[in-house]
Structures are given as structure tokens and as C-alpha cells.
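Written out below as C-alpha cells is the structure these notes cover.
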2 protein chains.
Amino acid sequence: MSKKVLLVHAHPEPTSVSSQMLAVAKETLESQGHEVMLSDLHAMNWKAVFDGHDFPRRLDPERLSFIAESGHAYRNAMQTPDVQLEQAKLLAADAVIFQFPLWWFGMPAIMKGWIDRVFAYGLAYGYKDKGNLYRYGEGGLQGKRAMLSITVGGPEEDYSTRGINGSLDQLLFPITHGTLFFPGMDVLPTFAVYNAVRMSPEATERAKAKLESRVRNLFAERPIPFRAQNGGDYPDGHVLAQHIASGIVGIDAHIGEW
Amino acid sequence: MSKKVLLVHAHPEPTSVSSQMLAVAKETLESQGHEVMLSDLHAMNWKAVFDGHDFPRRLDPERLSFIAESGHAYRNAMQTPDVQLEQAKLLAADAVIFQFPLWWFGMPAIMKGWIDRVFAYGLAYGYKDKGNLYRYGEGGLQGKRAMLSITVGGPEEDYSTRGINGSLDQLLFPITHGTLFFPGMDVLPTFAVYNAVRMSPEATERAKAKLESRVRNLFAERPIPFRAQNGGDYPDGHVLAQHIASGIVGIDAHIGEW
């Protein structure tokens, strides 16, 4: 069945590895009959900074509270048109792929600013105005899939379980778990191209083939089994129950069985 | 002895908890006789997006490679004036405090964009043009101290060792370890104000007093004992030696003994 997929991209150079990977995702999805929506952030001249200009009609003109104004603006359709358009694409999408170069072990600022501005109170947090009642597995984006597709300058071993940078999955946990699973998305394992600086044509072709295979499987692959807040593992909604992941220390405790 | 401290701030509302914490840091440092430099990013209208405009005189006008152009521009003093000024402040500083609200478990885009643009090749990575030879404990910012001072909307238990968000220290590892220790800074434990939404005057005063005490101790406190790349724990410069932290899984393995 035909699906809608949103691609969010953060590299301005059309010939970069990142842009080449984006093209592979787009072509693969279209060849499968899916509808592709594109948010090419540099081409859109996306405003990265979340600030008072995001709230043209303030609830409180005296003191800027981002949470209060975000909720007010989202609820009353008073957001800026660029944010409204991105939210409409996000809400229409069955899946979202984030294509970006890993800069300082996170998203480039332009993409972080897409999250900061588009993931409004009432949509991505504070769902139904019920505080944190619906986070982690439930929320405004529940039922949609998400995948990070990144390019990395360094070698894979630096990002391995005992690699010097820390493991890639743990470094990306604030995004995969804290940003995408938080509002209810099903997050697929990250796709990474390592050694993405001065790649040979052969290495580039291998990376393209791997991504094509991942994208073909986008709606069939099993998501990372992050534990749902309201699935029983967090009885008080805050801390893991003692008997859950009792031998596991750190953020891996929040991932269940495959 | 009098020191120089750079404060980098990312909240536009002068009465926010973040701005109040900034004021505490500034007043405390000045009362100790230190010299304070301020980068108030919203007030400066800081350009968050790292793009082709960062390289007015390109090495390769045809194809934009961020790493190559960053190195070329830094080496030849061809960066934009705003970036040059921030690097001058950073290089003059004995310590840097980053004051920001935690948004989606990371920095607001405006501060991530300060890192993306100011942490140039040749300064914060690619030091001495020697690839990764000097990273993690050595590099262009060696000998300087750094501290994150953050405000967090949620309760502390959500960020505890088994809290649902993941532990705060692990969530911030891409910043403390991957961004600040990477170019050689000594990183102090993070200072966090939890429940920073609609704080009572009493809770605000308690938080101010705690930060004041931390800032007074800025040059005496012990940094997080991240393992240095070239200290022997990573014999090949990539992966931890088998006998180091052999019982520890995940990013905590990169922290040594206090």
C-alpha cells in the first residue's frame, strides 16, 4: 500500500554524501509507489532559532515562556506559517527519515532547530495538555515510523561498543529515544555511513545499496524495542521497576527484548 | 589569581530561570575578581546555521566540504568576523560556562550552532592538522575548564540512574565528552536546576545558592575523569584496551576513577 514519507535533510551541498543518500531514499520510495515529501532545510532557508518571533500573538507579552506560548500558539493556530506547514507534513507522514551529517555527535543546528520549533507543546509533548501522561510510546506522533540516516566522518570502530567516542546508539539516544520515541514514534535502528569524508566511488555505491535495502524495508523492519512509559515497566511513570532490566546499568535499560 | 571566564547563554527572556542563573554566575565571578566575557546568543542575534556563508573565500568554489573549508578559513584568517570574535573570547578564557535550557535532551539550536561554527577544524578538531591525533584530553582548548549549567523542565527522578529519560550524565555525554573533552577541556560535573517551570521564589533562591557555590569553586573542583586518548587506555587510539573498565558496558567505560 502506498504510504507518505517525509524526508528532512540538513546538508547544503548537492554533491555531498548526505545529499546522495537523500536521493537514494527518495528514488527508492518513489519506485515503491510511496509519496515523498521533502524538507530540505538549507534550501528552505529554515529559521533554526526558536525565539519570540515564533509567537506573533503572545499569551503573555511581558514574559516569554516557551512552553506556555508554544501550547497557546499550537492550540489556537497562531504559529508561524513555516512551522504550521512542517507540522502538516509531519502529521500527514507515515514515516520520517532524518538525513544529516553527525556534527559534534548530534544534529546540525538547522535540524535541531526544526525539532525545537516544530515539536510543539500539545503535539510532541504535553499531548492533550496532560503533562507527561502520554510520553514514550504514546503521543501526538504515535503510529508513525522514524529513522535517522547519518553520515559520519570517522571510522566505525570509534563508535563501537568500546570505541573511544562511545557507541553510536548510545550517543544518539537523546534523539532516538528522547526526541522521536517520546511523542510515540516507532524508531528504526540508525543507518550510518562511516568514513564519509573523501569516499571512493566504490564505497559510495556500497553505502547507497545498503541504504536502498533499508529504505525498501522501512515499513517492515522491527523498531528498536524502547520500553513504553505506560506498558508496565515504569509503575510510577518515572523510574524503571526494580525487576525490569535489573542487571543493566545506564540507558540500555530502557530497551526491551527484540 | 584573577581568571577570565566566558559565559555562553541561550535564553532570550531576561526574567527566565536561565537568565537568573546566568546573572548569579556573572556576579559570583566578578565578586571573586575574575573577568567575565559574555556571549548572550539571542541578544547577539547569533547566526545558528553553519553553511556556505561561513566561507567568504572558498578553497573550492565548486563543492562545499565543511571540513576542508573550515580548515582553510581558520588557517588563513578568512572566517567571518562573528566567528573570529567568539574564537578570540574562547582562546582568552580560562573557563567556559554554557548556560541553557535543556530542549529535547540537548542544546537549543542557537547554542549548537555556536559549537558548529566556532569549533573550527584546526582549533577544536584536526588540531595541528594531524587528524585525530590530539583529541580527547589534548587539543586546541587544552587546559581550559568547561561546565554545563542547565535548566530542566522535568523532575530529577526522571533523569536518575534508572529514570525514564536516561541519566542526565549519559544524555549529556555527547556534549561533555564528545564536544568539550574532545578538544582538551577539563569538564566539570553538570549543574542542573530541575523543575524549572513555574518555580517558587524559594526554590529559585535555593538553586541560585547552589550555583553560586559551584561557581565559587570553578577553578578548584575536580573535573570528570574522562579517559585521555593518549593516556594508555586506548592503545590504538580507537578502542579501549580489554583490561580497562572490563566490567563496564556503555559510555561509562570512558570515565576513569575519581
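Bear in mind that the values in this text are calculations on the coordinates, not laboratory data. Remember, it's a predicted structure, so these values are computed and weren't measured experimentally. Note that each Cβ is placed from the backbone with ideal geometry, even for glycine, and that neighbours are counted across all protein chains shown.
Data for the structure
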read-out: Binned Cα-Cα distance frequencies in region B:4-226 - 5 Å width, integer %; value: 1, 7, 14, 18, 20, 17, 11, 7, 4, 2, 0, 0
read-out: Peptide-level mean, for B:240-252, of C-beta atoms on other protein chains within 10 Å; value: 4
read-out: Cβ-placed point charges (K, R +1; D, E -1), dipole of region B:4-226 about Cα centre in debye, nearest 20; value: 360
read-out: Distribution of pairwise C-alpha distances over region B:100-219, 10 Å bins, in %; value: 13, 37, 34, 14, 3, 0
read-out: Of B:V193, B:V239, B:V83, the one that fluctuates the most in a GNM where chain B has Cα springs shorter than 10 Å; value: B:V239
read-out: Amide hydrogen neighbours beyond the local backbone of A:G256, cut-off 5 Å, H modeled; value: A:F226, A:R227
read-out: Shortest-first distances to equivalent copies, position B:E202, nm, label 7 Å out along Cβ; value: 7.1
read-out: Those trypsin sites (Lys or Arg not before Pro) in region A:112-168 that DSSP places in a loop and that have at most 15 other beta carbons within 10 Å; value: A:K130
read-out: 7 Å along Cα→Cβ, label-point gaps from A:E30 to other copies, nm, shortest first; value: 5.8
read-out: Distance between modelled label sites at B:T80 and A:R222, nm, 7 Å Cα→Cβ extension; value: 4.7
read-out: Among B:M37, B:F100, B:T80 - extreme Cα towards positive end, dipole of region B:28-135, charges at beta-carbon; value: B:T80
read-out: Relative contact order computed over chain A (Cα-Cα under 8 Å; 6+ residues apart), in percent; value: 19
read-out: Shielding by partners - mean other protein chain Cβ count within 10 Å, residues of A:202-215; value: 0
read-out: 10 Å Cβ neighbours from other chains, averaged over peptide B:109-119; value: 6
read-out: Amide H contacts of A:S39 (H built 1.01 Å from N, under 5 Å, at least 5 apart or other chain); value: A:L7, A:V8, A:H9
read-out: Positive minus negative residues near B:I224 (Lys, Arg vs Asp, Glu; Cβ under 12 Å); value: -2
read-out: In nm, spacing of pseudo-spin labels at A:E202 and A:Q142 (7 Å Cα→C-beta vector); value: 5.0
read-out: Among B:Y134, B:Y234, B:Y121: highest mean-square fluctuation, GNM of chain B, C-alpha pairs under 10 Å; value: B:Y234
read-out: ³J(HN,Hα) computed for each position of region A:232-237 - Karplus, 6.51 cos²θ - 1.76 cosθ + 1.60, integer Hz, glycine/proline x; value: x, 7, 10, x, 9, x
read-out: 3J(HN,Hα) from dihedral phi, region B:169-175, Karplus parametrisation 6.51/-1.76/1.60, rounded to Hz, x for glycine, proline; value: 5, 6, 4, 8, 3, x, 8
read-out: Dipole in debye (nearest 20) - region A:105-258, about Cα centre, beta carbon charges: Lys, Arg +1; Asp, Glu -1; value: 440
read-out: Rounded, prolate or oblate (a/c below 1.5 giving rounded, otherwise prolate when a/b exceeds b/c) for region B:154-233 by Cα gyration tensor; value: oblate
read-out: Added length on full extension, which subtracts the Cα-Cα distance from 0.36 nm per residue, A:E157 to A:N45; value: 36.8 nm
read-out: Burial ordering of A:E69, B:E156, A:E138, fewest other beta-carbon atoms within 10 Å first; value: B:E156, A:E138, A:E69
read-out: Reachable aspartates and glutamates from B:K128, criterion Cα separation under 13 angstrom, eight or more residues apart if same chain; value: B:E138
read-out: Hull shadow area, averaged, the protein assembly as shown [alpha-carbon convex hull, nm²]; value: 23.6
read-out: Other-copy label distances relative to A:L91, 7 angstrom Cα-Cβ extension, nm; value: 5.0
read-out: Amide H within-cut-off set for A:K4, under 5 Å, with H built and near neighbours excluded; value: A:E35, A:D94, A:A95
read-out: Estimated 222 nm signal from helices in the protein assembly as shown, with DSSP H stretches of n ≥ 4 weighted -39500 (n - 2.57), rounded to 500; value: -8000 deg cm²/dmol
